[in-house]
Amino acid sequence: MNEQEFWQERYDEDKTGWDLGKISTPIKEYVDQLTDTSIRILIPGAGNAYEAEYLWNKGFKNVFILDIATTPLQNFKKRITDFPEEQLINQDFFKHKESYDLIIEQTFFCSFPPIKMNRTKYATKMASLLKENGKIAGVFFDFPLTDNIEKRPFGGSLKEYRTYFQPYFSLNVFERCHNSNADRMDKELFAILQKKKPAIKQANNPLHGVKLKDILEELILEEGWEKMANTCRINCFYSNPTLKSSLTFLRKHEWAREKVEKYYLRVRKKK
Ligand SMILES: C[S@@+](CC[C@H](N)C(=O)[O-])C[C@H]1O[C@@H](n2cnc3c(N)ncnc32)[C@H](O)[C@@H]1O
């Protein structure tokens, strides 16, 4: 069964234990202090999307809901009849291409198989979907990740989350959530992560003064690991790739570094 079928079945069989039936308090309090109702907001893995309903009723009209399963989107449509059809997106998050000011995270990160590749992909995808200075706001579970790959939701820790987000985001807030739902109390972190500016500036010689780390960070953000692996065919981009292991490999292997630099220049030229 693939991920789409898995989630569709959960909705169709009414096995939706994660569903709070209302906007979560941490997100409600975050939304309540927003003043600009014109911002573009994405809620990925939105499920029944109570956050979107709350935002919509408060006058935020550029809210987009994305889910891989159809049932929660249909449920939402029945509840909020004047919500624009084109703002209900039935798609795999990792294939989505758009640009937003704010992305709201509510029990989405914890829902997909917690292999390092997926978690890294999530962080880079989030960054690529955000405008400069755009933000992720939401909650992340704070309990140990076990080896049981059947047992959702999947946990994590601040230390682990830092490794995924720090290359692309300033961690403005990442702390114990004080207003979680009762059954999640002391198990959540509240986060506001702001997209960093790309470190690289154009110059006559585009590689002059550009660090390998900056090149990799930009490629990860713009292209993603999968595309990097397919284009460069270098082992360190294939299995459980990380910035650290790739840097170590590329610093040792000149031929591989040259390949990556050439690839980077092609990507820059296309922009
Ligand atoms: C644990 S549920 C959370 C739903 C909602 N955020 C909530 O808190 O009630 C995870 C949601 O993510 C959706 N989902 C899982 N993988 C996805 C993917 N790759 N792309 C888009 N949606 C996905 C599922 O269909 C499901 O609705």
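Please treat every number below as a calculation from the coordinates, not as lab data. Here the structure is a predicted model, which is why all the values come from computation and not from measurement. Note: ideal-geometry Cβ built from the backbone for every residue, glycine included; neighbour counts use all protein chains shown.
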Using the count of nearby Cβ atoms within 10 Å as a rough guide to exposure, how do 42, 20 rank from fewest to most?
20, 42
With Cα coordinates, the longest principal axis of the chain makes an angle with the long axis of helix 212-222, in degrees rounded to 10, of 40 degrees
Label-point separation, residue 61 to residue 266 (7 Å along Cα→Cβ), nm
4.4 nm
Round to the nearest 0.05 the FRET efficiency obtained for residue 79 and residue 37 when R0 = 22 Å and r is the Cβ-Cβ distance.
0.65
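Arranged by the count of other C-beta atoms within 10 angstrom, fewest first, what order do 173, 139 take?
Details: 173 13, 139 26.
The most exposed by this proxy come first: 173, 139.
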Amide H neighbours of residue 40 at under 5 Å, excluding residues fewer than 5 places away on the same chain, with H built from the backbone geometry, are 101, 102
Compute the signed sum of charges (Lys and Arg +1, Asp and Glu -1) over the other residues within less than 11 Å, Cβ to Cβ, of residue 17.
0
Dimensions (Å) - the chain, Cα atoms, principal axes, largest first
57, 42, 34
Highest GNM mean-square fluctuation, the chain, Cα pairs closer than 10 Å: which of 228, 185, 126?
185
Return the long-range amide H neighbours of residue 174 (sequence gap of 5 or more, or a different chain), with a cut-off of under 5 Å between placed amide H atoms.
192
Note to self: C-alpha centroids of the stretch 94-168 and the stretch 237-256 sit apart, in Å, by 22 Å
Principal axis dimensions, the stretch 36-151 - Cα atoms, whole angstrom, descending
44, 33, 25
Cross-link pairs beyond the 18 Å C-alpha cut-off, checked among 227/259; 28/197; 131/195:
28/197
